[in-house]
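Have a look at the structure below, then the notes.
The values are calculated or read from the model by the stated rules, or taken from the named source; none is laboratory data. In this text the structure is predicted, and so the values were computed from the model without any measurement. As a convention, Cβ positions derive from the backbone with ideal geometry for all residues, glycine included, and neighbour counts pool all protein chains shown.
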Amino acid sequence: MNELALVELKQGKLSTTSLLVAEKFGKEHYNVLRSIETLMASQPDFTALNFEVSEYLDNSGKSNKVYIMTEEGFAMIAMRFTGKAAEDWQIKFITAFQTLRTQLATPALNTDKQATQISQWEAHCARFNLPSRTLQEGLLRIQGLSPTLLGKPPKEPALPKPPKAPKGANFTWKWLKPLDAFAYRLEAEERNRLLLLGKDLAQRDRAVMEEWFQHGYLTKVY
């Protein structure tokens, strides 16, 4: 597998999650959570800097606790796992952190403009709950790095049909660039996931289209 998929850049810091650690090390997630919370009780200052509680939705749509951890936080948890398989995964995670950190240290200047772009992109992805890969590709591009660091992406589909305009609108949508097909497919997958959960998507769809229009992905044809 591509080791870089084990870590991600989040709010300017390299991190991984308790869920991914549990999966790769063959542990029950609740046991990893318990290890983290035991560490939090004994080392509150350290864990405050290196662990952040968050949530994720499981396959049933239920919200569950997950911890986002820095490289230092990962090291404190992973060192508790023993055996050859655990050592192999420790090395893979460490390599992923080191590789991505080296790539991020290449000469792209972290200007105020770039910091603003990063903040805006993170807010955009959070607002529309876009997939993690979309977030990571955008952050790498902002910093002048290649998204290929994340590994080979899914095959880009043909350009989809333009989305429907709101009912009663006096315009139709038109794509500006074929490159938008990949982002559109990721959004469509997220939309289908929410649809299966019984979510009302009409308002969200209108907001997404307007957001893409504001960022130059779509144009209105009157």
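So Arg34 ticks every box in (1) loosely packed, with under 12 Cβ neighbours inside 10 Å; (2) in contact with a strand residue (DSSP E or B) (Cβ under 6 Å, 6 or more places away or on another chain) but one. Which box is left unticked?
Only one criterion in (1) loosely packed, with under 12 Cβ neighbours inside 10 Å; (2) in contact with a strand residue (DSSP E or B) (Cβ under 6 Å, 6 or more places away or on another chain) is unmet by Arg34, namely (2).
Residues Gln114, Gln136, Gln120: which one is touching a residue at least 12 places away in the same chain (Cβ under 8 Å), outside the structural domain of Ala207 (by TED's automatic domain parsing) and more than 17 Å from Thr17 (Cβ to Cβ)?
The unique qualifying residue is Gln114.
Would you be able to say whether some residue in region 79-95 is closer than 30 Å to Glu211 by Cα and surrounded by 12 or more Cβ atoms within 10 Å (Cβ to Cβ)?
No, the conditions are met nowhere in region 79-95.
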